[in-house]
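Visitor: Quick one: this structure, given as C-alpha cells, is what I'll be asking you about.
The values are calculated or read from the model by the stated rules, or taken from the named source; none is laboratory data. Model, not experiment: these values are computed from the prediction. Quick reminder, even Gly has a Cβ in these numbers, built from the backbone with ideal geometry, and neighbours come from all protein chains shown.
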Amino acid sequence: MWCFSLQRRSLHSSLCLMKKTKSKTPAEQRWMQRQLKDPYVKASHQQHFRCRSAFKLLEIDDKFRILKPGYSVVDCGAAPGAWSQVAVQRVNSAGTAASACDASDPDLPRGTVIGIDLLNIPPLDGAHFLPSHDVTDLATHAKLLELLPHSRAHVVLSDMAPNASGFRDMDHEKLILMCLSLIDLAGKILQPGGSLLCKYWDGILAHELQDKLSAVFGSVRTLKPNASRKDSAERYFLAGMYRKQEKRL
Ligand code: SAM
C-alpha cells in the first residue's frame with residue numbers, strides 16, 4: 001500500500017513530503033528522496049496511475065502485445081491497482097479504449113479484468129476486484145472459474161510479492177513457490193494459446209521455474225523492463241502459447 005498512499009499525492013504534495021523527511025530515519029529519508037527523483041513516480045502522478053509499476057506492464061505490453069481488446073485478464077497481487085488500470089485500458093473492459101483516431105471506439109470488444117490481492121484494492125471502473133483473497137487458495141481458483149466469461153482467461157498477470165524478510169534467498173524461494181502455484185492456476189483457467197506474465201526475484205531456483213513454464217508454454221522469455229529498478233533482483237517471465245490441456249477443480 002505504500003506506493004498507493006504516496007503516489008496519490010500530487011507533485012505539490014511531494015514538497016510536503018520533503019519537509020516531512022526531517023522526522024524520518026535515514027533509511028526512510030533515502031527511500032523518500034529516491035521516490036521524489038524517480039521519473040516513473042513523477043510520470044505515474046501525471047498519468048494518474050496508482051503506482052509506478054504501471055510502466056513495467058506498459059513497456060512489456062507495448063513490446064509483446066499480450067493485452068488486446070476483448071481479452072479476459074486475471075491480475076494476481078493487484079493492489080493498489082496500477083496493473084489493473086493498464087489492463088482495463090488495453091482490454092477495453094470499461095469501454096473506454098481508443099482506436100487509432102484517439103476517441104473511444106464503441107466497436108471494440110469489451111474485455112474483463114479480475115484483480116486479486118490479500119489486501120484491499122480501491123475500486124476501479126472496468127475491473128472486478130477480489131480483495132482479501134489469496135491467489136494460491138483453491139477457493140480463489142473456484143471463484144475465478146465462476147467470474148471469468150466461459151471460465152477462461154487469455155492472460156494471467158502476476159506482480160505478486162511476499163513481504164520481504166530481508167533474507168534474499170528465503171524471499172527468492174518464497175516468490176518462486178508463489179509463481180509455481182500460478183502454473184496450477186493456469187491449468188484451470190488459462191485458455192490454450194494464452195499468456196502468463198509473472199514477477200520473480202532472481203536466484204538459484206529461477207531455472208526450475210523456467211523449466212516448469214517451458215513444459216507447458218511454447219515460449220518463455222526473461223524480461224527486465226527499464227522501469228524495474230536496476231539494483232533490484234526483480235525479473236519477469238513472459239510465457240506465451242499455453243499448450244497444456246486444461247484441468248478442472
Ligand atoms: N501490480 C500491482 C500494481 O501495479 O498496483 C503491485 C503489486 S505489489 C508489488 C505486490 C502485491 O502482491 C501486494 O499487494 C501483496 O499483497 C500481493 N500478494 C502477495 N502475496 C499474495 C497472495 N498469496 N495472494 C494475493 N496477493 C498477494
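Visitor: If only one of ALA82, ALA94 is within 16 Å of the ligand (Cβ to nearest atom) and modelled with pLDDT of 95 or more, which one is it?
Guide: Details: ALA94 fails: within 16 Å of the ligand (Cβ to nearest atom).
Just a single option satisfies the conditions, and that option is ALA82.
Visitor: Could you please tell me which pairs satisfy a Cβ distance under 9 Å, a separation of 6+ or placement on different chains, a first residue in the range 143-164 that is closer than 23 Å to LEU177 by Cβ, and a second residue that is at pLDDT below 95 and away from the ligand (no atom under 16 Å from the Cβ)?
Guide: LEU145/ARG248; LEU145/LEU249
Visitor: Same structure again: So ALA87 fits all but one of (1) closer than 28 Å to SER151 by Cβ; (2) of a type outside the set (D, E, K, R); (3) over 14 Å from the mean Cα position of the chain (by Cα); (4) at pLDDT 95 or above; what number is the exception?
Guide: (3)
Visitor: Is there a residue being touching a residue at least 60 places away in the same chain (Cβ under 8 Å) and touching a strand residue (DSSP E or B) at 6+ places or on another chain (Cβ under 9 Å) anywhere in the range 121-132? Steps first, answer last, please.
Guide: Initial filter on the range 121-132 (touching a residue at least 60 places away in the same chain (Cβ under 8 Å)): 122.
Restricting the remaining residues to those that are touching a strand residue (DSSP E or B) at 6+ places or on another chain (Cβ under 9 Å) gives 122.
Checking the range 121-132: at least one residue is touching a residue at least 60 places away in the same chain (Cβ under 8 Å) and touching a strand residue (DSSP E or B) at 6+ places or on another chain (Cβ under 9 Å).
Visitor: Could you check how many residues of the range 153-170 are under 18 Å from the mean Cα position of the chain (by Cα) and either charged (D, E, K, R) or more than 10 Å from the ligand (Cβ to nearest atom) (or both)? It would help to see each step written out before you state the result.
Guide: Initially, the range 153-170 is screened for residues under 18 Å from the mean Cα position of the chain (by Cα), giving 153-164.
Then drop every residue that is not either charged (D, E, K, R) or more than 10 Å from the ligand (Cβ to nearest atom) (or both), which leaves 153-156, 159, 164.
Counting residues in the range 153-170 that are under 18 Å from the mean Cα position of the chain (by Cα) and either charged (D, E, K, R) or more than 10 Å from the ligand (Cβ to nearest atom) (or both) gives 6.
Visitor: Could you count how many residues in the range 195-212 are over 16 Å from the mean Cα position of the chain (by Cα) and closer than 25 Å to ALA139 by Cβ? It would help to see each step written out before you state the result.
Guide: The initial filter retains those residues of the range 195-212 that are over 16 Å from the mean Cα position of the chain (by Cα), namely 202-212.
Next cut, closer than 25 Å to ALA139 by Cβ only: 209, 212.
Residues that pass the stated criteria total 2.
Visitor: While we're looking at this one, here's another question. Looking at (1) in a loop (DSSP other than H, G, I, E, B); (2) touching a Cys at 6+ places or on another chain (Cβ under 8 Å), which one does CYS179 not meet, given that it meets all the others?
Guide: It is condition (1) that CYS179 fails.
Visitor: Would you check if SER104 is on the phi > 0 side of the Ramachandran plot and either more than 12 Å from the ligand (Cβ to nearest atom) or free of Cβ contacts under 8 Å to residues at least 60 places away in the same chain (or both)?
Guide: On the way: on the phi > 0 side of the Ramachandran plot: no; either more than 12 Å from the ligand (Cβ to nearest atom) or free of Cβ contacts under 8 Å to residues at least 60 places away in the same chain (or both): yes.
No, not satisfied.
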